[in-house]
Structures are given as structure tokens and as C-alpha cells.
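All remarks here apply to the structure that follows.
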Amino acid sequence: MKSLKAHVQLQAIIYQIQPETANEYLELNIARNTGLISSEEYTETIWMITAAAAETEQLWINHQLFSQLVTTLVNEYYLSFIISD
């Protein structure tokens, strides 16, 4: 999990995402993958975070791309555990 968090934080720098926001994206993805929140709750929360943080069109695009990347990274992380078991 440490490597996943580190990877997300490094990608956040590239995408110009604040570290706290990057952690929120990561925590939301984990919560959705573990069933703590529904996909609808996830989507609504992502939109609220993006709307609050993205002040320009480019930042909005960066947030959308970053949230997709985090989703992919989290899914790959969980998939690696399913396959190895």
C-alpha cells in the first residue's frame, strides 16, 4: 500500500494536484473498491472535489485525468492481490 500511495503522490505532482486532494482521490477509490461507498457516491464526491479544486479549464482536465489514473492504479493494486491468491 505504501508503494501505491507513493505512486499517487508522485503522479499528483505531474498533474498539479495538491497532496491532500490526491489522498482524497485515493481514499475514495479504496472505499469504492471495498464497498464502503457506492459508485454513485464515489462519482458525486469526485465531481465535488474537482469542482472545488479546479480553478481553470486545464486544472479541470488535469483532475479528470488524475482521477482516472488513480482508479486504474487502485484497480491494478487490488487485481494483483486477487491474482496472487
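The values are calculated or read from the model by the stated rules, or taken from the named source; none is laboratory data. Predicted model, so just to flag it, every value in this text is computed and none were measured. Cβ placement follows ideal geometry from the backbone for every residue including glycine, while neighbour counts extend to all protein chains displayed. Keep in mind that these areas ignore ligands, DNA and RNA; they rest on the heavy atoms of the full protein, side chains included. Shrake-Rupley method; radii C 1.70, N 1.55, O 1.52, S 1.80 Å.
Per the conditions (1) in contact (Cβ under 8 Å) with a residue 24 or more places away in the chain; (2) touching a Leu at 6+ places or on another chain (Cβ under 9 Å), the sole criterion not satisfied by K5 is (1). Scanning the stretch 1-30 for residues that are farther than 16 Å from T50 by Cα, open to solvent by less than 60 Å² (accessible area, probe 1.4 Å) and β-branched (V, I, T) gives V8, I30. The condition of being in contact (Cβ under 8 Å) with a residue 24 or more places away in the chain and in a helix (DSSP H, G or I) does not hold for L10. Condition first: of a type in the set (D, E) and either in a helix (DSSP H, G or I) or within 17 Å of L28 (Cα to Cα) (or both). Now tell me which residues in the stretch 50-69 satisfy that. Hit for the stretch 50-69 is E57, nothing else. Within the stretch 34-85, the set of residues being closer than 13 Å to L4 by Cα, surrounded by 14 or more Cβ atoms within 10 Å (Cβ to Cβ), free of Cβ contacts under 8 Å to residues at least 60 places away in the same chain and not aromatic (F, W, Y) comprises L69, T71.
Could you tell me whether A31 is touching a residue at least 12 places away in the same chain (Cβ under 8 Å), in a helix (DSSP H, G or I) and under 13 Å from the mean Cα position of the chain (by Cα)? No: the conditions fail for A31.
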